[in-house]
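The values are calculated or read from the model by the stated rules, or taken from the named source; none is laboratory data. In this text the structure is predicted, and so the values were computed from the model without any measurement. Here the Cβ is made from the backbone with ideal geometry for all residues, glycine too, and neighbour counts use every protein chain on show. Quick note on the areas: whole protein, heavy atoms, side chains included, nothing else; ligands and nucleic acids left out. Shrake-Rupley method; radii C 1.70, N 1.55, O 1.52, S 1.80 Å.
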Amino acid sequence: MASPSLSVPYALLPSLQQTHLIDDDDPITVDRSIFSLSEKKLYEWKNILKGHVGAWCVGSSHGWIILLDQNGVPLLLNSSSSTTINVPPLPLSFLHPVTYSYFAEYLRKTFIVKAILMCSSSPSSYILAIIYGSNYKIAYCNSATWVELSDDEQSYSDIVFSNNYLYALTQDGSVEVWNICGQIPKRLILLTPPVEANYEEEKPYLENNFSRNLYLMVSAEEILLVTRFIGNFDKRWKKMRSLHDKVLFLGANESVSMDAKACLGCEANSIYFTDDRWEEMTLDYMYGGHDWGVFNLQEKCIKSLMQCANRIDPPPIWVVP
């Protein structure tokens with residue numbers, strides 16, 4: 001199908017027909033597959049990356065897909081209109097001490113942890129924010145210039161745009177609110193949400209065989225902090241609060257909360273997640289992309305959306321409105 005008219009949200013996956021591979025088994029096809037949540041079906045999307053062979057998806061936001069081309073230069077692609085916007089290359093200071101060529105060849109897939117957009121009525125007027133590097137720092141590009149947030153001691157887990165402000169979740173669970181629309185970024189608010197004392201109760205089940213990711217959700221009514229525990233074990237969940245008629249979409253995409261009624265085929269009170277453990281995907285040839293599905297808070301169980309026997313490379317990513 002040349003341009004599928006699929007309802008969002010959907011997951012973007014590697015092509016079903018990856019026949020052209022380069023030496024390190026990276027797909028160089030311009031095709032991709034779409035997993036429709038409303039239909040629970042896979043579709044082949046021909047030429048979605050036409051003109052951008054080998055581009056690697058590092059995020060999605062407001063229906064836009066954020067890519068790095070083969071040289072590591074960012075690119076914005078609107079999947080519905082096929083509009084593309086070129087983004088200035090990352091400053092060499094962000095990559096220090098490596099060169100552009102080393103970055104493009106060896107670090108391109110894991111360097112950017114999260115990429116999101118603040119969009120305006122004009123597609124060319126945007127702000128692209130990223131979490132990047134081994135120290136998980138934040139930088140943003142206001143259509144022309146890259147700016148790094150100045151806190152050298154802080155590392156971040158997630159970023160979200162809301163009401164023209166950048167909300168940043170630190171790795172210790174605090175929330176920063178930044179105004180980055182002026183000439184100089186300013187941190188306006190620092191929130192330290194109380195942590196419930198139920199983590200200690202989970203230790204007998206978690207032991208040391210787990211890792212965790214933190215996600216931030218911001219809406220007009222509330223701010224949600226979501227902790228995702230990941231491990232190769234059966235885990236019993238306790239004291240999980242209901243999302244009622246909401247659904248969450250977590251992963252490499254911008255974290256989003258939506259009404260279930262607006263998402264055809266979605267289960268209310270559920271969290272839809274995709275694999276975003278970039279640093280582990282290069283350690284094992286067979287691992288990558290498998291950890292995706294839906295967690296229903298009412299039933300307290302995780303369901304698989306699609307059975308995958310082999311490595312999914314690049315991993316799935318949600319595209320939501």
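General remarks:
- For the residues 306, 118, a 1.4 Å probe over the protein chains yields an accessible-area ranking, largest first, of 306, 118.
- For the peptides 244-251, 101-108, residues were scored by their other Cβ atoms within 10 Å and the scores averaged per peptide; the highest-first order is 244-251, 101-108.
- When each of the peptides 53-61, 220-228, 35-43 is scored by the mean number of other C-beta atoms lying within 10 Å of its residues, the order from highest to lowest reads 53-61, 35-43, 220-228.
- Derived scalar couplings ³J(HN,Hα) [segment 256-265; Karplus, 6.51 cos²θ - 1.76 cosθ + 1.60; whole Hz; x for Gly, Pro]: 9, 10, 9, 6, 4, 5, 8, 10, 4, x
- Approximating the spin labels as points 7 Å out from Cα along Cα→Cβ, the residue 71-to-residue 101 distance works out to 1.4 nm.
- Peptide ranges 74-84, 125-135 listed from the most packed, as the mean C-beta count within 10 angstrom indicates: 125-135, 74-84
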